[in-house]
Every structure is written in C-alpha cells, then in structure tokens.
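To start, the structure under review is shown below, and the notes come after it.
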Amino acid sequence: MPVRCPRCGFDFRGEIARWSTRCPRTGTCVECGLDFAWADIFSHAAHPWLFEREWKYRPVARLVSTVLHAFAPRRFWRQIRITEPIALLPPALVAATATLSLYLTLAGWYAWGVFGAQVGGVMSLNAWLRRLEQSLFALPRAMASAMPGVLLTLVAMPLAFVVLPVTLRRARVRPGHIARIWLYSLLAPAVFAILWSLVQFTGQFIDVPWLWRPLNPWTYISMFPMPSEPTLVFLGVLLPPLIVLAVLLAWLALWWWCALRHYLRLPKPGRIVASLLIIVGLAAVIVELVLYASGARWWW
Ligand SMILES: [Zn+2]
C-alpha cells in the first residue's frame, strides 16, 4: 500500500524502505516541504466531530457539530489535520442540501414580496401558496440579476486558487484539499442566510414589525435618501449587493486564511488570500457593473 504525503500525494515508500535500524518520529516531504509526524500519517483514528468521518453512525450529531464548528474558522481548521483522509461526497451532499434549503426559504420569502415592493402588511395563506409556486421558478432569474457577483464569489474561490500558479507550483496541493476547504466554507453563510430568511419570513407571516424590521435591509436602505441625479442612481441600486459582496468576501478571506495557515500549513497564507480576493473580488464587481449596465436588473 502506498504511503503518501497528505498535502501533495508524494509516495513515501522509497523513504520508508531506507529505515533500517530505527524509525524517525518526524519527516519532511522532499516534494512540497511539508513537515509532519509519521504517527499522523499512519494513524486512522476517527476525527471527533468532522461530518465526513463516520457520518453514517451519528449523522445528525455530526452534522450539527460540524456546522457549529464552521462558524469559528480558526478553531475549525486547527482541529482538522492535513492527514485526515478526504471523503468529498458527504460534505458535497451537505452543501447541496444547504443550498436547496436556502433556495426554498428564499422562494417562500420572495413569494411574500420582500424582494418586490410589498414590504409590510400580511398576506393570506392561499395567496402566498399561489405566489410560492411562481417564485420557485422566478427565483433563479431574480437571484442572478440581484446578486450575480455574490453567486460568482461562492463558486469562484476554489477556481481562483487553482489558477494561482505560485500556490500550486510551490506546494503542489492536492485538489481534494481545495474542494474540502471550499465545500465547508459554504456551510456557515448558507445556515446564516437560511436563519435570517426564516426570521424575515416568520416576521412577515405573523406581522411582528419589531422582529423583522431591524433585520430587513430595506429598512436601512430606505433611510438613506436615494440620489435622484440620473448619473448617481446607480449608487442606490448597486450599494446593497456590493455590501453583501464585501461581507461575504471578508468571511471567505478569514475562512481561507485559517485553512491555508492551520490546515494546509502553506507559507505566506496572507499573500495567497490577498491574491484570491483580488481575482474573485474584481471579477464579482465587474459582473455586477456589467449586469447593471446591460439593464438586467428587472426587479429593483
Ligand atoms: Zn508533499
């Protein structure tokens, strides 16, 4: 059985064959420079909370534990060793379920008219159900025109990492690690968005202004006088998606920095994250501007 470097996949069998009288406790990969303890390479002990390990035995407890840990990126990545075997299907299923839940929550919210002009007031359940059906189909277009940069950012981080030549050439990180960092990075934003939408939604349903008004972005946006100058109108339209984009980029920067520093143990993680942010941030802002200029924002 090949014994491989956890970061780059380099085969250690040649080195192990040279051990004759004693075994070293630590080693350094000649290919990528990773320092490691041999005990971690040979250990198969199950991780205490990571979902992808033993999720079949305690799926709910593992999932809750992993989601809670995902809100604290530093602790999350300090507690996962690079030697932890990678299984991508379980986190991919979790990310897909979280996306679907978020989609259904947003569709329910959209049906209520929060995305449109009907902020405030209570709608009958029948009317809501009729609009929910339409919303399920109308939502993708609304999301794509409302926050194209945000959607792009969510999928572009791993791609940007792969096109960064310096990180791959110097450290030869296996793509499985990047996929793992990316899949778990979606958990906290998705759960946050679901909870936030549910609060909005519940607040609208039972009409409790004190509950949903402080959490509704429109409450704050309407506080600012919208510029009426034709040349400045774009500010009022672009500001909300750009604020969401900035918050998301800040979160992803923290998440990837912690993963690169504590999990992949790459040198100069700050520089890599800054490059990622410049690539993804610029692409996202350009997409927002181009879509705005082409007049695709039909719902605002
Ligand atoms: Zn290596």
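Observations on the structure shown:
- PRO48 meets all of the listed conditions (1) within 13 Å of the ligand (Cβ to nearest atom); (2) surrounded by 10 or more Cβ atoms within 10 Å (Cβ to Cβ) but one, namely (1).
- Just one of (1) in contact (Cβ under 8 Å) with a residue 24 or more places away in the chain; (2) more than 26 Å from THR202 (Cβ to Cβ) fails for ALA95. It is (2).
- From LEU252, LEU266, residue being modelled with pLDDT of 75 or more, under 22 Å from ILE86 (Cβ atoms), in a loop (DSSP other than H, G, I, E, B) and not assigned by TED's automatic domain parsing to the domain that holds GLY33: LEU266
Residues are listed down the side, and each one gets a yes or a no for (1) within 14 Å of the ligand (Cβ to nearest atom); (2) under 25 Å from VAL173 (Cα atoms); (3) not assigned by TED's automatic domain parsing to the domain that holds THR97:
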position: ARG18; (1), (2), (3): no, no, yes
position: PRO24; (1), (2), (3): no, yes, yes
position: CYS29; (1), (2), (3): yes, yes, yes
position: ASP35; (1), (2), (3): yes, yes, yes
position: ARG58; (1), (2), (3): no, no, no
position: ALA61; (1), (2), (3): no, no, no
position: THR66; (1), (2), (3): no, yes, no
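- Test: residue in the stretch 196-213 that is surrounded by fewer than 17 Cβ atoms within 10 Å (Cβ to Cβ), at pLDDT 85 or above and either aliphatic (A, V, I, L, M) or farther than 21 Å from LEU248 by Cβ (or both): no
The values are calculated or read from the model by the stated rules, or taken from the named source; none is laboratory data. It should be emphasised that the depicted structure is a prediction, and the values quoted were computed from it without experimental measurement. Every residue, glycine among them, receives a Cβ derived from its backbone with ideal geometry; neighbour counts consider all protein chains shown.
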